[in-house]
Amino acid sequence: SSASPNILSGAGANTTTNGVRGASISGGGATAGSDADFPGAGPNLVNDHYGHIGGGASNRVGNENADAGDATFATIAGGRRNIAAGQYSFVGGGVDNSATGYISAIAGGDSNRAADSFSFVGGGRKNFASGLTSVVAGGESNTAAGVFSGVFTGENNFAAGRHAGVLSGETNNASGDNSVVVGGSGNNANGA
């Protein structure tokens, strides 16, 4: 492209979708089945303009629709099978993470999702930041679904209210607006 070329390094199978400009893949990737130590490793792929992948394998930047301009400027630093499909989204590393919201981010971990605008997951496993400007710092199987909600750590905690939070513990629920569960197990803060 005369506007900005694509620059691809690493495995020869690394690629960009037709018509994408300004994309870069710094390294990593593999032709499917070519790495005996990582048999599931595949190429890295950039689907939208100005996307970047630093390394790793089987990572995808951009979404899979026909518009190469609706998930631009997304970045994956590394890791494996990560997806940064929201515009300006970011995944630092880890495996099977998916940042699909606008300016959403996942630092790392395993199977985490940041699905709404400005949502963030710091790490851990199977955490889900699904509310606008929601945060899950870590832990496992925690969900921040309310607007401006957050879960700090623990397991199976749920913050659904607006400005609601769960600091720790397990199976706690802060579903009321401005509600907080500090810790423990099986606690519910349902009222505003």
Hey, any idea what Rg/Rh is for segment 78-157, computing Rh the Kirkwood way over Cα pairs? 0.93
Protein accessible area in the chain, 1.4 Å probe - carbon and sulfur %: 52
Excluding ligands, DNA and RNA, what is the solvent-accessible area per residue of the chain at a probe of 1.4 Å, expressed in Å²? 43
Whole-Hz Karplus couplings 3J(HN,Hα) for segment 88-103, θ = phi - 60° and coefficients 6.51, -1.76, 1.60, Gly and Pro as x, run 6, 6, 8, 10, x, x, x, 9, 6, 8, 9, 9, 10, x, 5, 6
Unit charges at the beta carbon, dipole of the chain: most positive-side option, Asn112, Thr75, Asn157: Thr75
As a percent rounded to 5, the proportion of antiparallel DSSP bridges among beta bridges in segment 66-145 is 0
Report, by chain and number, residues whose modeled amide H sits under 5 Å from the one on Val181, excluding near sequence neighbours (fewer than 5 apart, same chain). Gly165, Val166, Leu167
For the chain, what is the convex hull volume of its Cα atoms per residue in Å³? 92
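The values are calculated or read from the model by the stated rules, or taken from the named source; none is laboratory data. Only a predicted model underlies this, so the values are computations on that prediction, with no experimental measurement involved. Here Cβ is always computed from backbone atoms with ideal geometry, including for glycine, and neighbour counts include all displayed protein chains. Ligands, DNA and RNA are excluded from the accessible area calculation, which covers all protein heavy atoms including side chains. Shrake-Rupley method; radii C 1.70, N 1.55, O 1.52, S 1.80 Å.
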